[in-house]
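Have a look at the structure below before the remarks.
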Amino acid sequence: MILIGFMGCGKTTIAHELGLQLNKKTIDLDDVITKIAGQPIPEIFAAEGEAAFREYEFQALQSILKENAIIATGGGVVTYEKSYALLKELTDIPVFFLNAPFDDLYSRIQEDDNRPLGNQDIEKVRALYNSRLDKYSALADREISTSKTVADTAAEIISYMDDGNFKA
């Protein structure tokens with residue numbers, strides 16, 4: 001399965017919880033990107049810019065889609081047309097849009113130096129969030145709120161899968 005959503009929604013944390021509960025491998029797309037690029041994400045943004053980062057992200061996504069794993073993407077994966085198209089083509093892998101109220105998300109990401117786009121004025125980050133909502137929704141098989149505990153969020157995803165919507 002693939003987890004999408006804005007920065008701070010809990011994609012990595014939920015992926016790890018799901019991996020433990022389902023006994024499945026988890027892959028954080030950001031980790032794959034840093035291996036491909038050979039440098040941390042903030043350094044990619046500083047040295048090469050966002051466009052180069054999005055291309056690395058696309059390459060990383062392409063390289064792991066065949067894995068039988070729970071994949072936590074980056075918040076901006078939907079903004080790059082090639083990555084968005086790749087995710088849109090998926091029919092046999094469930095995509096979950098993890099979401100929470102913007103103020104909750106912002107409080108989770110502010111002052112996190114590993115989020116180059118999150119360290120901006122709140123209104124710029126809000127505009128970024130709003131600009132991505134339709135894309136997250138269009139890709140998702142299901143939107144899941146992360147305003148509850150990690151265990152409860154994972155349980156909701158597993159329940160959706162167990163209801164025959166997809167095979168876990």
- Task: Might you work out the accessible area of E55 for me, using a 1.4 Å probe with all protein chains in place, and round it to the nearest 10 Å²?
- Result: 50 Å²
- Any idea of the accessible area per residue across the chain, 1.4 Å probe, to the nearest Å²? 49 Å²
- For the chain, one quarter of the surface area of the C-alpha convex hull, expressed in nm², comes to 8.9 nm²
- Task: Calculate the translational D of the range 11-50 in whole µm² s⁻¹ from Stokes-Einstein, where the hydrodynamic radius comes from the Kirkwood formula applied to all Cα pairs, the temperature is 20 °C and the viscosity 1.002 mPa s.
- Result: 188 µm²/s
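With r as the distance between the Cβ atoms of A127 and I64 and R0 = 41 Å, compute the FRET efficiency 1/(1 + (r/R0)^6) and round to 0.05.
It comes to 0.85.
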- Note on the structure: Put L61, L86 in order of accessible area, largest first, probe 1.4 Å, and you get L86, L61
- Once fully extended, how much extra length lies between A46 and D104, figured as 0.36 nm per residue of separation less the alpha-carbon to alpha-carbon distance? 18.2 nm
- When the accessible area of the range 1-127 is split by element with a 1.4 Å probe, what percent falls to carbon and sulfur? 47 percent
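The values are calculated or read from the model by the stated rules, or taken from the named source; none is laboratory data. Everything numeric in this text was worked out from a predicted model, so none of it was measured. Glycine also receives a Cβ, built like all others from the backbone with ideal geometry; neighbour counts cover every protein chain displayed. For accessibility, only protein heavy atoms count, side chains too; no ligands or nucleic acids. Shrake-Rupley method; radii C 1.70, N 1.55, O 1.52, S 1.80 Å.
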